[in-house]
Amino acid sequence: MSLSVLVIEDEAVVAVDLEIALEEMGHKVVGAGTLDEGAKAVEAHDFDLAILDVNLNGELSYPLAAALEKEGVPIVFLTGYGADGLEPEWRTRSVLQKPMKREALARLVQQTKPRALRSAEAD
């Protein structure tokens, strides 16, 4: 199943690698490098999954993560610090460790139950 995935990452090399990996898995990707770009993407598209860098040039992505979760979009946080680097209320969410390993990405996409899969199961 092809998913619509939002990727918000401010490091261009990491963003491109992540986007290419997701596209090679057959998913459609919308990328953003700032919280503002991410918020605009959320207004313009429906996403099945969001992968968010925690720290975007000093801005934390938690407010956007909260808005996405309110819409039923599962979140995967991208960080070099692991789950311990997240604020306590977010530590139960999935984490993709930087540097990203494609096997870990594929496993998280499957485990996270994107919105499209939950909708299909409900039918």
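Values in this text are rule-based calculations from the coordinates and carry no lab data. Just so you know, these numbers come straight off a predicted model, no measurement behind them. In this analysis, Cβ positions are derived from the backbone assuming ideal geometry, glycine residues included, and neighbour counts consider all displayed protein chains.
Residues Asp17, Asp53, Asp84, Asp36, arranged from fewest to most other Cβ atoms within 10 angstrom of their Cβ, appear as Asp84, Asp36, Asp17, Asp53.
By the gyration tensor of its Cα atoms, with a ≥ b ≥ c the square roots of the eigenvalues, what is the shape of the chain: rounded for a/c under 1.5, prolate for a/b over b/c, or oblate? Rounded. Remark: relative contact order (the chain) = 23 percent; criterion is Cα-Cα distance under 8 angstrom and separation of 6 or more residues. Annotation: amide H of Val73 has no partner in the under-5 Å range at sequence separation 5 or more or interchain, hydrogens built in the peptide plane.
Here the Karplus relation 6.51 cos²θ - 1.76 cosθ + 1.60, evaluated at θ = phi - 60°, turns the backbone of segment 88-104 into coupling constants of x, 5, 9, 5, 7, 7, 5, 10, 9, 6, 8, x, 6, 10, 4, 5, 5 Hz, with x for every Gly and Pro. Between the amide H of Leu78 and those of Leu52, Asp53, Val54, Leu96, distances stay under 5 Å, these residues lying 5 or more places away or on another chain, with hydrogens modeled in the peptide plane. Per-residue Karplus couplings for segment 66-78, computed as 6.51 cos²θ - 1.76 cosθ + 1.60 with θ equal to phi - 60°, are listed in order as 4, 5, 5, 4, 4, 8, x, 8, x, 10, 10, 8, 10 Hz, Gly and Pro entered as x. Each of the GluC sites (Glu not before Pro) that DSSP puts in a loop and that has at most 16 other Cβ atoms within 10 Å breaks the chain; the longest unbroken stretch is 12-70.
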